[in-house]
């Protein structure tokens, strides 16, 4: 056992040493004004500007326009003629910073496995800012992402929204506890062995357990409210009996912002029956909802459209059902967009988060209009996550999270040439480029 | 009886070797038996007209045509003659390229990929588990794949013998087997065998153990071969009553490796392990056909190339385990520049449906030519499988395994419109339902 542990330790130490060789994603705090001149601007919110100009100052976009837009004196002008310029892409579900080597448990902090109901887990407590995976991801043009816990619990904890650069975890975690995943895909059961079955063993058990958690939170909420009321009422009769608060319960406390509709739950379902059950629960507790996955729920899309809930769609690489045509899942984003559902894409990954734009590109092949695909990587997720004041388009006042590439952002052949985060140019280097440069001689 | 069958086999094999050396060099390997009616259906003349043809071996042909007769490509070019009665497939405005070849796939095997009960199981025959009815064959076909090498998993140092299929989904089992394809055998190394046996407190639990079980089994196989040589010599000498050694399936399969009759396909990640594997091959006198996964190939690609070994890799997978930690998306291009033959493979039910995109990524990361990128999903995997004289490019004389795309194939958004295998259409996106042209009726 000691031997095993020491092996793990050495392994983990080696990985950490390598990872720490990469400092976090430094954005230099300079006040350099940067101008991107001559590129094709995909503004997202107000069309395409050929041969355009983008100006970034003090971390923000200060001008977006056609050729002739005033260029501040002393600015660093980068000629991007022939290139495509677009807002940094947003990945609506990753595990960045929670994993390093997939198969090495000591480098993984994705899921608290002991119970299905763990809403009091916060990914920011585990987020590893120095991970080697973030520099690998951002050089493909992904500048912001949701970091979510693993999907093995019904309520695995709370997501954070990150920026893929910064001097420290504090700088990179731009919104903590931004949302809470609620997974109802039938795969959240701890134990699926009939002979040693423990509650919850069925979908009925999963639903009952989840309902009870929200009921307990409501009860806790009422006790808290009663205490507050008593504390402030100043009733003469109760003068000698000071108000006592309910015992603090982190698990129930974590559910309150969601019961109060202050933040969205990210409701994951794949099969139609699961989706209906989960929607029923969300309705029962008046939750604010972002839907997730829906790979096999194409029969319910009109119902989904009627809810008005936005959807993180995918992974579109999920296999279709036995009876379905090969493209049944590939075509989902196009079908949703056609019904007016607001969609966003996610990589649902960490090591391969860099491939996010290609999923959107593939969906374009299956009928999603290219401009809708770009929106689903930028302004749609920015709105869904409530960060559209800062992100999601090339508009004056937004953060200077801007990408320059030599072609269609969604195409596999396209090479990203510049990445800016908060107006600072990010060097296109990472662990992998260093190995490339070492051996490509 | 044993003597006779062995003798018979020797005759057959030498006949086969004679024939195949006449036809192609690499077919010293055992081969999948051709079926009686390998085509499955009668062929008419077919001509594909008007597309941009990516030949793979001789560049692009704009507004080109391909004439197909009896399932074989007869002519490719701008001025191709075809009989008046030929079926015309209009490819105007479309892109035409050879069928994609996946040199590392585990589809159509249900749960029978590994026999994880012994680290050396060279006698496990994939054909015995091949589920020709698996929908994945059709889904890969819809992504343009026409030939796949279905390999064992990586639980064992030597996992077993593979099958090569053509994706003629809808036909019977034997009609999906690639006629005459050489027999491949899957080796593994590194973390997987270590994990499978080590966690049971069995040998091997280390890389030392991994290679030791291989070495020991080859030494045993040599002794087995010696016993048979001795017996054969006695027979040849006219010994009246020689006792044949006991036939042993496992040792027979190991002997076939040492006799050079199997294409050795090795799952291997780390630079040091490529070197150890090549030293082992030298020690026992067999050849390695390809290193699969091969994430650190770029570190020793010159040595891999010098040994005539190909690599079958992913463009960008990395970090999922420690031996994959140094994977980089430039692996393919660096290895190519250092002289290695590079294929991109899926090893995935998902990725096998979009290997065209994987080749596009190499252009992104490596800036290589279209032809080199295309070769990585056609001719090079065909070589790894040992069928490059039959498929992998659009050249006269080759099997008419052809894909027609709605836009430039090495793109995120390109879709397959039609797939022909041996001149027959097996997938047509414009058809309702599954898009299939062959059904299982009457089987």
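The figures follow:
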quantity	calculated
Residue list for region B:419-443, restricted to those being under 30 Å from residue A:369 (Cα atoms) and either touching a helix residue (DSSP H, G or I) at 6+ places or on another chain (Cβ under 7 Å) or crowded, with 24+ Cβ neighbours inside 10 Å (or both)	B:419, B:420, B:426, B:427, B:434, B:435, B:436
Lone unmet requirement of (1) within 14 Å of chain A (Cβ to nearest Cβ); (2) farther than 21 Å from residue B:55 by Cα for residue B:409	(2)
Single unsatisfied condition, residue B:237 versus (1) within 14 Å of chain A (Cβ to nearest Cβ); (2) more than 19 Å from the chain's Cα centre (by Cα)	(1)
Residues satisfying the stated conditions in region A:315-332, i.e. within 12 Å of another protein chain (Cβ to nearest Cβ), buried (at least 20 other Cβ atoms within 10 Å of the Cβ) and touching a strand residue (DSSP E or B) at 6+ places or on another chain (Cβ under 9 Å)	A:326
Matching option when the condition is closer than 22 Å to residue B:423 by Cβ and modelled with pLDDT of 95 or more, among B:203, B:151, B:176	B:176
Complete set of residues in region A:355-371 that are under 22 Å from residue A:50 (Cα atoms), surrounded by fewer than 20 Cβ atoms within 10 Å (Cβ to Cβ) and in contact with a helix residue (DSSP H, G or I) (Cβ under 8 Å, 6 or more places away or on another chain)	A:369, A:370
Sole residue being touching a residue at least 40 places away in the same chain (Cβ under 8 Å) and within 11 Å of chain B (Cβ to nearest Cβ), chosen from A:354, A:436	A:354
Residue identified as touching a residue at least 24 places away in the same chain (Cβ under 8 Å) and surrounded by fewer than 19 Cβ atoms within 10 Å (Cβ to Cβ) among B:407, B:411	B:407
Number of positions in region B:343-356 that are facing chain A (nearest Cβ under 9 Å), assigned to a helix (DSSP H, G or I) and in contact with a helix residue (DSSP H, G or I) (Cβ under 6 Å, 6 or more places away or on another chain)	1
Among the candidates B:359, B:324, B:340, residue that is facing chain A (nearest Cβ under 9 Å), touching a residue at least 40 places away in the same chain (Cβ under 8 Å) and under 17 Å from residue B:291 (Cα atoms)	B:324
Answer residue from region A:387-436, given it is in a strand (DSSP E or B) and touching a helix residue (DSSP H, G or I) at 6+ places or on another chain (Cβ under 8 Å) and is farthest from residue A:39 (Cα to Cα) among those	A:421
Scope region B:295-321; condition within 7 Å of another protein chain (Cβ to nearest Cβ) and not in a loop (DSSP other than H, G, I, E, B); matching residues	B:298, B:299
Evaluation of residue A:111 against (1) surrounded by fewer than 22 Cβ atoms within 10 Å (Cβ to Cβ); (2) assigned to a loop (DSSP other than H, G, I, E, B); (3) within 14 Å of another protein chain (Cβ to nearest Cβ) (one fails), failing number	(3)
Given (1) at pLDDT 95 or above; (2) more than 27 Å from residue A:311 (Cβ to Cβ); (3) part of a loop (DSSP other than H, G, I, E, B); (4) in contact with a helix residue (DSSP H, G or I) (Cβ under 7 Å, 6 or more places away or on another chain), index of the condition residue A:119 fails	(2)
One residue from A:403, A:387, A:396 being within 21 Å of residue A:355 (Cβ to Cβ) and more than 14 Å from every other protein chain (Cβ to nearest Cβ)	A:403
Exclusive hit being part of a strand (DSSP E or B) and within 28 Å of residue B:133 (Cβ to Cβ), set B:387, B:391, B:425	B:425
Filter result (in a strand (DSSP E or B) and either over 18 Å from residue A:108 (Cβ atoms) or out of contact with any strand residue (DSSP E or B) (no Cβ under 7 Å at 6 or more places or on another chain) (or both)) within region A:124-145	A:142, A:143, A:144
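Per-residue answers, yes or no, for (1) crowded, with 24+ Cβ neighbours inside 10 Å; (2) modelled with pLDDT of 95 or more; (3) under 21 Å from residue B:270 (Cα atoms):
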site	(1), (2), (3)
B:335	yes, yes, yes
B:338	no, yes, yes
B:352	yes, yes, no
B:357	yes, yes, no
B:373	yes, yes, no
B:389	no, yes, no
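The values are calculated or read from the model by the stated rules, or taken from the named source; none is laboratory data. What you are looking at is a predicted structure, and each value in this text was computed from that prediction instead of being measured. Positions of Cβ are generated from backbone atoms using ideal geometry, with glycine treated the same way; all protein chains shown enter the neighbour counts.
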